[in-house]
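Read-outs: derived from the displayed coordinates by stated rules, not from any lab. Please read all numbers here as calculations on a predicted model, not as lab measurements. Cβ coordinates were reconstructed from backbone atoms using ideal geometry, including for glycine residues, and neighbour counts include every protein chain displayed.
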Amino acid sequence: MPVVGMTLSPFLSAVLALGIHFSTYIGEVYRSGIEGVDNGQWEASTALNLSTRQKWTKIILPQAIPPTIPMLGNYLIILFKEVPLAATIGVLGILQLGKDYGATTWNYVEPLTIVAGLFLLLSYPSAIMIKKLEKRVNRRFDKNGALQ
């Protein structure tokens, strides 16, 4: 990008890179959820003469979104693990702060243990919340996937 006269800050570059990277995966998750809706549901909504908006909001999305929740949760946890990679382009994160402290004091165990604890404090509650959300959403559906 500097060749064409455009430069970005390291933080903005990291946000764009991670955003584009994960948006492709999340787009595929939603696509698979939508393709998982039975063709009969599409045909029934057409037979009922529902508008496109009603078809999507009343029939398709309520059946497509719940199966995607576990996959989206996995990508959230993966995002926690990949954010420290932004340090390679100069974004100062908590992992880099731990490494820098270790380099100045020759004491790596404590700062890296604190960093690991912080990652655990962020990712574990997120995983629990995703599991609760999945259970809450799936309670609305019977074992065949029909809305109760």
- Task: Choose one answer from ALA86, ALA44, ALA127: the residue with the largest mean-square fluctuation in a GNM of the chain with alpha-carbon springs under 10 Å.
- Result: ALA44
- Residue-wise HN-Hα coupling along segment 48-53, computed from phi with Karplus coefficients 6.51, -1.76, 1.60 (Hz; x: Gly, Pro): 7, 6, 7, 5, 4, 4
- Message: Just to verify a number: FRET efficiency for LEU122 and TRP42, C-beta to C-beta distance, R0 = 35 Å, to 0.05?
- Response: 0.35
- Given DSSP loops and a limit of at most 12 other Cβ atoms within 10 Å, what is the longest stretch of the chain that contains no such trypsin sites (Lys or Arg not before Pro)? 1-138
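Assuming a ≥ b ≥ c are the square roots of the Cα gyration tensor eigenvalues, decide whether segment 84-135 counts as rounded (a/c under 1.5), prolate (otherwise, with a/b larger than b/c) or oblate.
It comes out oblate by the Cα gyration axes.
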- Message: Checking the cross-link filter: which lysines have an alpha carbon closer than 26 Å to that of LYS58, excluding same-chain neighbours under 8 positions apart?
- Response: LYS131, LYS132, LYS135, LYS143
- Task: Take the alpha carbon gyration tensor of the chain, find the square roots of its eigenvalues, order them as a ≥ b ≥ c, and report rounded if a/c is under 1.5; if not, report prolate when a/b exceeds b/c, else oblate.
- Result: oblate
